[in-house]
Amino acid sequence: MFGLWVCAVLISSTSQVVLAEEGFDFQSSFDIQYASSVLDQKVNPAQTLDIYKPIADTLSPVILYIHGGGWAFGDKKQVNLKPNYFTLQGFAFVSMNYRLRWEYKVYDQLIDVASALRWINQHGAEHGLDRSRVVLMGHASGTHLASLVMTDHRYLQGESVPVNIVKAVIAIDSVSYDIPRLMNELGSFVE
């Protein structure tokens, strides 16, 4: 059964790297492609993710992080100390890029979130991720995308993702929920 938790958190080529800094030990893998274009088989940097995982022999529960940026800006690398904090708590922290609104629509971004969840469901175990325990975490516009995907299950169903793998949604800066206000203040930028 899907349960929705909402809280505010204040924590301000694939490669394998093991980092150890100030007591934080985790493995990381960068620029993993979670979706491919039908037209070409090139890696689209806008459809890649980075994994930060505790050094452990067990599968780790997953936080899938969706960056903010007004649906038009931002990058998966803008995570500050989140990987350190969550890997210390036993979570794998997965930060994803998505196609931005200058060339794509919000609908495409929702498909990207569902595609990243599909990738975790299909390939997560190979990277030490527990696909049955996933939390979606979004910041600002990323909060909006996470919430839309989880309140309208058609996005997940379209990517053959079982709804029950997502156990919670964490909203960091939920100002993006108020779309009418944003449209009034920002006009065509949000449209």
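The values are calculated or read from the model by the stated rules, or taken from the named source; none is laboratory data. Please read these numbers as outputs of a predicted model, since none were measured by experiment. Note: ideal-geometry Cβ built from the backbone for every residue, glycine included; neighbour counts use all protein chains shown. Ligands, DNA and RNA are stripped out before the accessible areas are found, and what is left, the full protein with its side chains, is counted by its heavy atoms. Shrake-Rupley method; radii C 1.70, N 1.55, O 1.52, S 1.80 Å.
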(message) Can you tell me which residue is nearest to the chain's Cα centre (by Cα) among those in the stretch 133-147 that are more than 13 Å from V166 (Cα to Cα) and open to solvent by 10 Å² or more (accessible area, probe 1.4 Å)?
(response) H139
(request) Take the residues in the stretch 90-142 that are touching a helix residue (DSSP H, G or I) at 6+ places or on another chain (Cβ under 7 Å) and part of a loop (DSSP other than H, G, I, E, B), then tell me which one is farthest from A56 (Cα to Cα). (result) L100
(message) Tally up the residues in the stretch 71-87 that are open to solvent by 20 Å² or more (accessible area, probe 1.4 Å) and either in a loop (DSSP other than H, G, I, E, B) or farther than 11 Å from Y52 by Cβ (or both), please.
(response) 7
(request) Mind counting the residues in the stretch 39-70 that are of a type in the set (G, A, S) and outside any loop (DSSP other than H, G, I, E, B)? (result) 2
